[in-house]
1. Scan region 3-63 for GluC sites (Glu not before Pro) in coil per DSSP, keeping those whose Cβ has at most 16 other Cβ atoms within 10 Å, and list them by number.
2. How far is helix 31-43 tilted, in degrees, relative to the longest principal axis of the Cα atoms in the chain, given as a value from 0 to 90 rounded to the nearest 10?
3. Taking springs between alpha-carbon atoms closer than 10 angstrom, which of A27, A54, A38 fluctuates most in the Gaussian network model of the chain?
4. Of the candidates S30, S48, S87, which one comes out as most mobile in a Gaussian network treatment of the chain with C-alpha springs shorter than 10 Å?
5. Do the sum for the chain: with -39,500 (n - 2.57) for every DSSP H run of n ≥ 4, divided by all residues, what is the mean residue ellipticity at 222 nm, to the nearest 500 deg cm²/dmol?
6. Name the residues whose placed amide hydrogens come within less than 5 Å of the amide hydrogen of R8, ignoring near sequence neighbours (fewer than 5 apart) on the same chain.
7. Could you give the longest part of the chain that holds none of the trypsin sites (Lys or Arg not before Pro) found in DSSP loops with at most 15 neighbouring Cβ atoms within 10 Å?
8. Would you mind telling me which residue in T15, T92, T51 has the biggest mean-square fluctuation in a Gaussian network model of the chain, where springs connect alpha carbons within a distance under 10 angstrom?
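We did not get these values from a lab; they are worked out from the coordinates using the rules stated. Everything numeric in this text was worked out from a predicted model, so none of it was measured. Cβ placement follows ideal geometry from the backbone for every residue including glycine, while neighbour counts extend to all protein chains displayed.
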Amino acid sequence: MKKASQVRRFESGATRDTDEGKLDFEAFLSPLVLKRYAEYMHRHRRRSDGTMRAGDDWQQGIPKDEYAKSLLRHLLDFWLCHRQRGSAARETVTEALCGIIFNAMGYLYNLLEGKE
């Protein structure tokens, strides 16, 4: 691949603008982590009454206080596991991390959407 001033030229002859300044999702995200997170989210779609919620129902709105409280519960479980006190935790370290990701993303989503 040769790089001209503002155009990338590939051996095939195809051209594209440079990728300078563009977000690199492939570098910033891990497919392994996203797969594990999706498995966590799918498993937690089942409500206590046995019905299934839509995978994106959280986008309808969960109060920031609820995200914060849940995030801290998951953080405590993570911390217990991290400090080799997993027997005192409610969940495994991977479950706790997925819960932290969910609550952090939900809280951030609310901020970006201007909710609350």
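1. Numbers: sites: E11, E20, E26, E39; in loops: E11, E20.
Qualifying residues, ordered by number: E11, E20.
2. Once rounded, one gets 40 degrees.
3. A27
4. In this elastic network of the chain, the residue with the biggest mean-square fluctuation among S30, S48, S87 is S48.
5. On the way: 4 runs with 57 residues, N = 116.
The per-residue figure over the chain is -16000 deg cm²/dmol.
6. Distant-sequence amide H within range of R8: R16, D17, T18.
7. Numbers: sites that count: K22, R45, R47, R53, R83, R85, R90, K115.
Of all site-free stretches, the longest is 54-82.
8. Among T15, T92, T51, the largest GNM mean-square fluctuation belongs to T15.
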